[in-house]
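Participant: My structure is below; once you've seen it, I'll send some questions.
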Amino acid sequence: MPNIALIPGDGVGPEITDEAVRILEAAARVYGFPVETEIFDWSCDRYLAQGEMMPADALETLAGFDAIFLGCIGDANKVPDHVSLEMLLGIRVGFDQYVNLRPIRLYPGVPTPIRTATPESVDFVVIRENTEGEYSRQGGFFHPDADDGFAIQTGIFTRKGCERVIRYAFDLAEERKAAGYQGRVTNCTKSNALNYSMVFWDKIYAEVAEGHPGIQRDMALVDALTMWFVKNPEWFDVVVASNLFGDIITDLGAMLQGGMGLAAGGNIDPERRYPSMFEPIHGSAPKYTGQRRVNPIATIEAVRMMLDHLGQPEAAAAVGRAVAGTLEAGEIRTRDIGGTSTTDQVGAEVARRITEEQS
Ligand code: IPM
Ligand code: MN
């Protein structure tokens, strides 16, 4: 029976986590698998009270679960972001969740600020490296208050780290091609300026591509890629990017999808040695805490991805249909996409559709 660790986190995290649980329970009931959840109050409030975001043995605790749902972390009025976010980055690295899987899809009926974005043109996946690169957190401050003070932040790109995530992207492109997609992996790079790390990354991309003759190679410098995302979103199938570049381009990707309230991601250990972690990619929006106004669709999409990962593809597909139906009908939607409904009203509507489809 899937056993899910829930980390609601900060700001609007608890209210969206309620919707994650609602959807999980509805899917479990309809598709006949028991599910258990346990809540961990790891957050900035805990930091203020106890001096740490999560206990020292947090990873050992989480290791006993099949998956993790993360609401959102961070509230800069309470704890500096680089301190609170160590928890998120620590779980990604500690559980070697080296793939950050971020689907970019525009559901029919959802308004987007980008004119080229239509449900037909926006349907791709970003594979973001999730354990090293620019996020390696190596460096230091040197006499930071002196006139000649400086800081160093080093990116670490290992052969193993680059190869495994690029391989994952190509394998995914093969799978998607079999399902009718274009069969293309776009290499998001910057090897014109980053003359060691990204040159190395490109070399490994080329090596992995050799083993996939049926998949089209493609490359775009990250700056140009942001332009192409807007100009020709239909070009993209699978995009593979380093940790920082993947972070940046997926916020733009979220706009193609209709906004941050719709974008979800999975932090995945493809080898399944550790639990994978699923989350909406938006922040904790502290100013909206408790107002039940944020869009829970990103959260529900994270649950959909989690169900897929847990070997419940039918339940996952049902969640997808219920989300699509809710968004297309358009009556029950939150303010970010032009409605007046509350977070829980949207969650209840998606749950209702999951349940009624089968009754
Ligand atoms: C994300 C977030 C995080 C990241 C932050 C909160 C550290 O922006 O998941 O995209 O940069 O990875
Ligand atoms: Mn981000």
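The values are calculated or read from the model by the stated rules, or taken from the named source; none is laboratory data. Because the structure is predicted, anything quoted here is derived from the model rather than measured. Virtual Cβ from ideal backbone geometry, glycine too; neighbours counted across all protein chains shown.
Participant: Within region 222-256, can you find the residues that are within 14 Å of ligand 1 (Cβ to nearest atom), buried (at least 20 other Cβ atoms within 10 Å of the Cβ) and within 21 Å of residue 181 (Cβ to Cβ)?
Facilitator: 241, 246, 249, 250, 253, 254
Participant: For the condition surrounded by 19 or more Cβ atoms within 10 Å (Cβ to Cβ), of a type in the set (Gly, Ala, Ser) and more than 14 Å from residue 20 (Cβ to Cβ), what is the one hit in 359, 341? Don't jump to the end; show me each part of the working.
Facilitator: Numbers: 359 fails: surrounded by 19 or more Cβ atoms within 10 Å (Cβ to Cβ).
After applying the criteria, what remains is 341.
Participant: Take the residues of region 124-157 that are part of a loop (DSSP other than H, G, I, E, B) and free of Cβ contacts under 8 Å to residues at least 40 places away in the same chain: which is nearest to ligand 2 (Cβ to nearest atom)?
Facilitator: 144
Participant: For region 345-353, check the following and say yes or no: at least one residue is under 20 Å from the mean Cα position of the chain (by Cα) and within 30 Å of residue 225 (Cβ to Cβ). Show your work before the answer.
Facilitator: Going through region 345-353, the residues under 20 Å from the mean Cα position of the chain (by Cα) turn out to be 347.
Pick out the ones that are also within 30 Å of residue 225 (Cβ to Cβ) and you get none.
Within region 345-353, none of the residues are under 20 Å from the mean Cα position of the chain (by Cα) and within 30 Å of residue 225 (Cβ to Cβ).
Participant: Oh, and also: Sort out for me the helices (runs of 4 or more DSSP H) sitting completely within region 242-359 that have 1 or more residues that are assigned by TED's automatic domain parsing to the domain that holds residue 219 and within 14 Å of ligand 2 (Cβ to nearest atom). Spell out the reasoning first.
Facilitator: Details: elements: 243-256, 297-309, 313-329, 343-357.
So the answer is 243-256.
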